[in-house]
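Every number here is computed from the coordinates shown, using simple stated rules; none is lab data. All values reported here derive from a predicted model rather than from experimental measurement. Glycine also receives a Cβ, built like all others from the backbone with ideal geometry; neighbour counts cover every protein chain displayed.
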Amino acid sequence: MLEKLEDFLGSTKPMEGIVEDVKGRIEERTTKGRDYQNRSFAPYSEAYKKRKRKSKVDLRDTGKMLGALDTQVITPIHGKVFIKSESYGGKKRARTDMIANIHTTGTGKQPQRDFMDITKTALEKFVKKHYDDKIMKILGRR
C-alpha cells in the first residue's frame, strides 16, 4: 500500500487531471459569458457591437485567444493553465497572451473580464477529485 501511495504522489497524472479540469472550467464559463466568480462579463461597447454585429460577450471574436488556451504540468504538485503566445492578424499583429492579459486586467479602455482565474472552492473540488479521493482509494477508504 505504501509503495502504491508513493508512486501515486510522485506521478504527474493527478496534476494533469487538475489542469485539464481548470482549463475546461475556463472554457465553459467563458462561452457562457461569465467570469471566474460566475458574474456576467462587462458588455461590449456600442461601437464594437455595431462593428462586429455581436452583443453576447464570450471573448470569441476570432477564436484565436481561447484557442491558445493550454496546460502545463511542472511538477507533481504544480501546474498551470495559460494562453500560449501566438501571433495572429493582418497588418496589426496581436499576440494571444497579450490580448488575454488586457481582458483579464481591464487595461486601457478595455473593461475587466477576468476569465483566467478560478475560485478556491472550484480548485479544492478538483484537488479532491484527482488527489484526495484517489489517496483514500489506495488506503482502502471511501
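For K32, the aspartates and glutamates whose Cα comes closer than 12 Å to its Cα, not counting residues fewer than 8 places off in the same chain, are D58.
Report note on the peptides 21-27, 130-136: ranked by the mean count of other C-beta atoms within 10 Å, highest first, their order is 21-27, 130-136. If you take the charge dipole of the chain about its Cα centre, with +1 on Lys and Arg Cβ and -1 on Asp and Glu Cβ, which of G108, T71, V81 is farthest toward its positive end? After comparing all options, I get G108. Extending 7 Å from the Cα toward the beta-carbon at both T107 and I77 defines two label points whose distance is 3.3 nm. Pairs of Cα atoms nearer than 8 Å and 6+ residues apart set the relative contact order; for the chain it is 28 percent. The peptide list 55-63, 30-38, put in order of mean Cβ contacts within 10 Å with the highest first, becomes 30-38, 55-63.
With the alpha-carbon atoms of the stretch 14-89 aligned to their principal axes, the span from lowest to highest coordinate is 47, 29, 12 Å, starting with the largest. Spin-label pair K23-L9: with each label point 7 Å from Cα along the Cα-Cβ axis, the two points sit 2.8 nm from one another. Taking 18 Å as the straight-line reach from the Cα of K50, the lysines in range (excluding those fewer than 8 positions away in the same chain) are K109. What are the lysines whose alpha-carbon lies under 23 Å from the alpha-carbon of K13, with same-chain residues fewer than 8 places away excluded? Answer for K13, where 23 Å is the Cα cut-off: K4, K23, K80, K84, K120, K125, K128, K129, K134, K137, listed by chain and number. The HN-Hα couplings worked out from phi for the stretch 102-117 by the Karplus form 6.51 cos²θ - 1.76 cosθ + 1.60 (θ = phi - 60°) are 4, 5, 5, 8, x, 5, x, 7, 5, x, 6, 9, 6, 9, 8, 9 Hz, whole numbers, x standing for Gly and Pro.
Only Lys, Arg, Asp and Glu carry charge here, each on its Cβ (+1 for the first two, -1 for the last two); on that basis the chain has a dipole of about 1000 debye about its Cα centre. Taken one residue at a time, the phi angles of the stretch 75-85 give Karplus couplings (6.51, -1.76, 1.60, θ = phi - 60°) of 9, x, 10, 9, x, 8, 10, 8, 9, 5, 7 Hz. Gly and Pro are set to x. Just one of (1) 1.09; (2) 0.95; (3) 1.05 is Rg/Rh (Cα atoms, Kirkwood Rh) calculated from these coordinates, so which is it? Of the labelled values, this structure produces (1).
The amide H of G106, built 1.01 Å from its N in the peptide plane, has R113 as neighbours under 5 Å, considering only residues 5 or more places off or on other chains.
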